[in-house]
Amino acid sequence: MRSRLVAGLDVGTTRTSAVIGELEAEGRRRPALRILGVGQSRTEGVRREVVTHIEQTTDSIRQAMKEAELMAGTSVDRVWAGISGVHVKARSSMGVVAISGDEVSRSDVDRVHEVARAVALPADREFLHAIPQEYMVDSQRGLKDPVGMTGTRLETEVYLVTAAASASTNLKKAVARAGYRVQSLVLSPLATARAVLTEDEKEVGVAMVEVGASTTQVAAFYEGKIRHIAVLPVGGNTITNDLVKGLSIPFAEAQRAKEEHAVAFAQLVDPQETVPLPGPAPGQTRHVARELIAHIVEQRLDEIFGLVQHELAAVGMSDRLSAGVVLTGGTASLPGTLEMAGQVFTAPVRIGVPWEGLSGLAEAVQRPRFATVTGIALHGTDRVHETGQGATTLSSNLISRVGAWIREFF
Ligand SMILES: Nc1ncnc2c1ncn2[C@@H]1O[C@H](COP(=O)(O)OP(=O)(O)OP(=O)(O)O)[C@@H](O)[C@H]1O
Ligand SMILES: [Mg+2]
């Protein structure tokens, strides 16, 4: 028996995360991922999701991957890597071909994809995804798989995602220097959506909103189609910077104050409560109203969610959110985020954690901050299942023996 290992890597602004799992496809319509190992490290050398220092980024990747490999009790030679940033662009593109025989064949589908993808791409941009959204055969719309349908004209709508070539080159370089091959790059918000949203939610209308450190990423779906993807240049770091200014403390102290004492909804705080903060002189402590911290955080988060709401309204999605808004990312850990978001979006809001299609050490990744990396690995799992490409293959009795022994320690 050979076993196929799939690895996901998410190089975020503050944390690099890695997940290694084994493909479980037997007797399943949709493959599952048996989680074997998880690793994390502090990211150095990344700004606003873009690699700015290769050596530092390489170290962060190596550390997270080694940790995941140690826990999994095995190693991998390739990874599926997430990419994001404000340089990402996405749009729909249409393709039309005449059906060659009486009914649609696989080669007609390949041809229509080629036509839809044939858009001029400047030298500084790279294709990330061309996702078929729906097919139309003559006047029949909304088809998921047109093969075998009778007709004369086949049309498709694909969702094209491109990234700045320099961003992808530097990420690939850092991964290669850490000793791994990039199997393929995956757009992070799509990966996160893969992990935290269900197919039913995408059908009735849903928006995934991930508030990370330097970015807020949005992916909206309706009728099973991607309706919008946005990467906004605001996030948890913006909130921390507000605390730096509002409380006159250094960034590291502000970050700590935020993670320990902040609440996203000021109404939830007792107005009498104070928290100790450093200063004004070294070694001294002062007491600050917890409500003040909450007010600063609430104002910025309100603005961030307002920007998201604006993005959704611009593509006509704000009244199509029957399944509501699914929040994830590190900043969504702020107490009161759900209440705050509920006010802005006037739609049901829940916290998204990776859920479907996982087994093994699944509980190790069932947290909002592992949503992206788990989604990247799940995306890889889907592709390996479809194409047979992209996994590290090894003799499975090797992992179970070594892995079981190592996992005893976790
Ligand atoms: N308990 C907490 N309370 C408040 N904020 C938190 C908490 N834990 C983490 N954060 C914040 O979440 C952010 C990190 O989130 P996440 O790990 O999703 O970001 P990232 O992937 O590194 O960044 P990005 O996706 O923007 O590149 C930081 O701003 C951090 O301060
Ligand atoms: Mg992130």
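The values are calculated or read from the model by the stated rules, or taken from the named source; none is laboratory data. Keep in mind that this is a model prediction, so the values were computed, not measured. Positions of Cβ are generated from backbone atoms using ideal geometry, with glycine treated the same way; all protein chains shown enter the neighbour counts.
Residues in region 81-99 that are in contact with a Lys or Arg (Cβ under 8 Å, 6 or more places away or on another chain) and of a type outside the set (V, I, T): A81, G85, K89, S93, G95, A98. Taking A25, is it within 22 Å of T393 (Cα to Cα), within 14 Å of ligand 1 (Cβ to nearest atom) and out of contact with any Ser or Thr (no Cβ under 6 Å at 6 or more places or on another chain)? So A25 does not fit the description; no.
Only one of T331, T346 is under 27 Å from V204 (Cβ atoms) and either within 11 Å of ligand 1 (Cβ to nearest atom) or not assigned by TED's automatic domain parsing to the domain that holds M208 (or both). Can you tell me which? Exactly one residue qualifies, and that residue is T331.
All of (1) closer than 30 Å to V175 by Cβ; (2) free of Cβ contacts under 8 Å to residues at least 24 places away in the same chain hold for T74 with one exception: (2).
For every residue, the table says whether it meets (1) under 22 Å from Q133 (Cα atoms); (2) out of contact with any Pro (no Cβ under 8 Å at 6 or more places or on another chain); (3) at pLDDT 95 or above.
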site: S60; (1), (2), (3): no, yes, yes
site: E67; (1), (2), (3): no, yes, yes
site: L70; (1), (2), (3): no, yes, yes
site: V79; (1), (2), (3): no, yes, yes
site: G82; (1), (2), (3): yes, yes, yes
site: G101; (1), (2), (3): no, yes, no
site: S107; (1), (2), (3): yes, yes, yes
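The lone criterion from (1) closer than 30 Å to V161 by Cα; (2) in contact with a helix residue (DSSP H, G or I) (Cβ under 8 Å, 6 or more places away or on another chain); (3) buried (at least 17 other Cβ atoms within 10 Å of the Cβ) left unmet by G224 is number (3).
Taking the criterion of being touching a helix residue (DSSP H, G or I) at 6+ places or on another chain (Cβ under 8 Å) and away from ligand 2 (no atom under 13 Å from the Cβ), the residues of region 172-189 that qualify are K173, A174, V175, R177, A178, G179, Y180, R181, V182, Q183, S184, L185. Out of region 67-110, which residues are in a loop (DSSP other than H, G, I, E, B), within 16 Å of ligand 2 (Cβ to nearest atom) and not small (G, A, S)? Once the filter is applied, which keeps residues that are in a loop (DSSP other than H, G, I, E, B), within 16 Å of ligand 2 (Cβ to nearest atom) and not small (G, A, S), region 67-110 yields V86, H87, V88. Where helices (runs of 4 or more DSSP H) fall wholly inside region 132-223, the ranges with 2 or more residues that are closer than 30 Å to I99 by Cβ and among the acidic types (D, E) are 199-204.
Scanning region 281-322 for residues that are in contact with a Gly (Cβ under 6 Å, 6 or more places away or on another chain) and in contact (Cβ under 8 Å) with a residue 60 or more places away in the chain returns R320, L321, S322. Tell me yes or no: at least one residue of region 239-246 is in contact with a Ser or Thr (Cβ under 9 Å, 6 or more places away or on another chain) and within 21 Å of L292 (Cβ to Cβ). Within region 239-246, one or more residues are in contact with a Ser or Thr (Cβ under 9 Å, 6 or more places away or on another chain) and within 21 Å of L292 (Cβ to Cβ). Checking the stated criteria, Q217 turns out to be among the polar types (S, T, N, Q) and under 23 Å from V353 (Cβ atoms).
In region 353-382, what residues are in a helix (DSSP H, G or I) and within 15 Å of M71 (Cβ to Cβ)? Result: A362, E363, A364, F370, V373, T374, A377. Restricting to region 1-44, name every residue that is free of Cβ contacts under 8 Å to residues at least 40 places away in the same chain and of a type outside the set (D, E). The answer is G27, R28, R29, G39, Q40, S41, R42, T43.
Considering V353, V365, V384, V373, the condition of being at pLDDT 90 or above, of a type in the set (A, V, I, L, M, F, W, C), within 15 Å of ligand 2 (Cβ to nearest atom) and in contact with a Lys or Arg (Cβ under 8 Å, 6 or more places away or on another chain) is satisfied by V353 alone. Taken over region 68-88, the criterion of being away from ligand 1 (no atom under 12 Å from the Cβ), surrounded by 19 or more Cβ atoms within 10 Å (Cβ to Cβ) and not hydroxyl-bearing (S, T, Y) is satisfied by A68, E69, M71, A72, G73, V76, R78, V79, W80, A81, H87, V88. Just wondering, is there one or more residues in region 201-209 that are surrounded by 21 or more Cβ atoms within 10 Å (Cβ to Cβ), within 16 Å of ligand 2 (Cβ to nearest atom), outside the structural domain of R141 (by TED's automatic domain parsing) and closer than 19 Å to R369 by Cβ? Yes, because at least one residue in region 201-209 is surrounded by 21 or more Cβ atoms within 10 Å (Cβ to Cβ), within 16 Å of ligand 2 (Cβ to nearest atom), outside the structural domain of R141 (by TED's automatic domain parsing) and closer than 19 Å to R369 by Cβ.
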